[in-house]
Amino acid sequence: DLPPIGADPDALSRNDKYDRLVEVGRGGMGIVYRARQKGLDRSVALKVLPCGGQSSPEQVTRFHREAHAAARLHHPGIVEIYDVGELAGCPYIAMEFVEGLRLDEHVRRHELDLRARLDLLRRVAEAVDHAHREGVVHRDLKPANVLVDPAGRPKVADFGLAKEVSDPARERLT
């Protein structure tokens with residue numbers, strides 16, 4: 001269980017960038033909100049670390065490493081990073097909001113046949129291959145970290161345990 005984030009969504013939305021924060025999930029590192037990016041009038045996923053001294057310096061460093069690694073990646077099968085910063089004293093990452101389901105929920109809910117499941121897996125593998133070619137190893141690939149949009153397109157998310165490698169061809173990808 002995460003401690004309270006130190007600021008409620010109303011306090012977080014009192015800024016010039018994001019508003020209408022609605023919690024959509026919690027993970028090991030933080031809380032994810034659906035928010036509206038004011039300047040571009042678009043929905044974003046806002047991942048926020050616990051604040052008010054509740055996050056260790058190591059957690060903040062890891063959080064920034066996640067943003068840096070994922071921001072390097074531009075692929076239709078990877079959630080795009082838009083912004084990194086701090087709101088009400090809470091570090092955040094603003095990223096593409098994927099309206100949809102986790103991979104396992106999508107497969108179960110849509111009762112996909114083998115061919116459709118293999119097609120999803122192929123597209124996820126292409127996204128992960130792209131990340132590897134760019135020197136980023138996800139290291140936490142699981143159904144909960146793959147979101148499938150309403151059109152059936154998978155997007156790899158949550159690069160919180162990612163490792164950046166300087167030469168992916170020579171370094172072990174573990």
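The values are calculated or read from the model by the stated rules, or taken from the named source; none is laboratory data. Just so it is clear, the structure is predicted and the values come from calculations on it, not from any experiment. Neighbour counts are summed over all protein chains in view; Cβ atoms, including those assigned to glycine, are modelled from backbone coordinates with ideal geometry. SASA here: full protein model, heavy atoms, side chains in, ligands and nucleic acids out. Shrake-Rupley method; radii C 1.70, N 1.55, O 1.52, S 1.80 Å.
Residues in the range 104-116 that are more than 25 Å from Gly25 (Cα to Cα) and open to solvent by 50 Å² or more (accessible area, probe 1.4 Å): Asp113, Leu114, Arg115.
In this structure, does Arg133 turn out to be within 28 Å of Val165 (Cβ to Cβ) and open to solvent by 40 Å² or more (accessible area, probe 1.4 Å)?
For Arg133, the condition - within 28 Å of Val165 (Cβ to Cβ) and open to solvent by 40 Å² or more (accessible area, probe 1.4 Å) - is met.
For residues that are open to solvent by 20 Å² or more (accessible area, probe 1.4 Å) and either modelled with pLDDT under 90 or among the charged types (D, E, K, R) (or both), tally how many sit in the range 26-38. Summing the residues that are open to solvent by 20 Å² or more (accessible area, probe 1.4 Å) and either modelled with pLDDT under 90 or among the charged types (D, E, K, R) (or both) in the range 26-38 gives 6. Go through the range 39-65 and give me each residue that's out of contact with any strand residue (DSSP E or B) (no Cβ under 6 Å at 6 or more places or on another chain), surrounded by 11 or more Cβ atoms within 10 Å (Cβ to Cβ) and among the charged types (D, E, K, R). Of everything in the range 39-65, those that are out of contact with any strand residue (DSSP E or B) (no Cβ under 6 Å at 6 or more places or on another chain), surrounded by 11 or more Cβ atoms within 10 Å (Cβ to Cβ) and among the charged types (D, E, K, R) turn out to be Arg42, Arg62, Arg65. Only a single item in (1) aliphatic (A, V, I, L, M); (2) open to solvent by 30 Å² or more (accessible area, probe 1.4 Å); (3) over 30 Å from Arg36 (Cα atoms) is not met by Leu161, and it is number (3).
Within the set Arg153, Arg123, the sole residue that is in contact (Cβ under 8 Å) with a residue 40 or more places away in the chain and surrounded by 17 or more Cβ atoms within 10 Å (Cβ to Cβ) turns out to be Arg123.
For the range 120-128, indicate whether the set of residues that are modelled with pLDDT of 95 or more and among the small types (Gly, Ala, Ser) is non-empty. Within the range 120-128, one or more residues are modelled with pLDDT of 95 or more and among the small types (Gly, Ala, Ser). Within the set Arg133, Arg139, the sole residue that is under 30 Å from Leu49 (Cβ atoms) and in contact with a strand residue (DSSP E or B) (Cβ under 9 Å, 6 or more places away or on another chain) turns out to be Arg139. The single condition from (1) buried (at least 16 other Cβ atoms within 10 Å of the Cβ); (2) under 22 Å from Met29 (Cβ atoms) that Asp140 fails is (1).
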